Amino acid sequence: MLVWLSRAVELTPWQAAAVLGALVAKDLLLFPAMREVFSNQPAGTQPVGARGKTIEPLSPSGYIRVNGELWRARSRRDSHVPANAPVVVRDADGITLIVEEAAEDVS
């Protein structure tokens with residue numbers, strides 16, 4: 001790599017080594033932050049306990065809106081929940097929210 005870099009952009013071997021070292025150092029410094037960004041389950045992303053409304057009927061799955069975000073959801077007991085019904089998020093299965101119909105309307 002160093003030989004190719006020094007020949008491709010006409011650098012001395014020391015300059016090529018410095019460029020390669022800087023690139024490796026950058027990757028090592030950014031690794032912890034990038035690992036956090038690309039982790040499978042970032043902490044606190046599922047709005048468990050939040051209230052929302054169904055966008056379409058859940059029979060037993062469909063889409064809901066919670067805190068202004070659109071989520072895939074499934075009714076808790078595989079029951080039918082009509083469109084525009086208030087729901088409460090009880091759990092999450094990956095990125096699918098498990099919800100049940102709420103007694104009162106959500107503003």
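Nothing in this text is a laboratory measurement; each read-out follows from the coordinates by a stated rule. Keep in mind it's a predicted model, so treat the numbers as computed, not measured. Note that each Cβ is placed from the backbone with ideal geometry, even for glycine, and that neighbours are counted across all protein chains shown.
Couple of notes before you dig in:
- Relative contact order for the stretch 1-97: 22 percent, from Cα pairs under 8 Å spaced at least 6 residues apart, divided by residue count.
- Axis angle, to the nearest 10 degrees, between helix 13-37 and the longest C-alpha principal axis of the chain: 10 degrees.
- Semi-axes of the equivalent ellipsoid of the chain are 53, 12, 11 Å, computed as sqrt(5λ) over the eigenvalues of the C-alpha gyration tensor in descending order.
- Estimated distance in nm for a label pair at Arg65 and Lys26, the labels positioned 7 Å out from Cα along Cα-to-Cβ: 4.2
- By the Cα gyration tensor, the stretch 51-101 has an equivalent ellipsoid whose semi-axes, rounded to whole angstrom, run 13, 12, 9 from largest to smallest.
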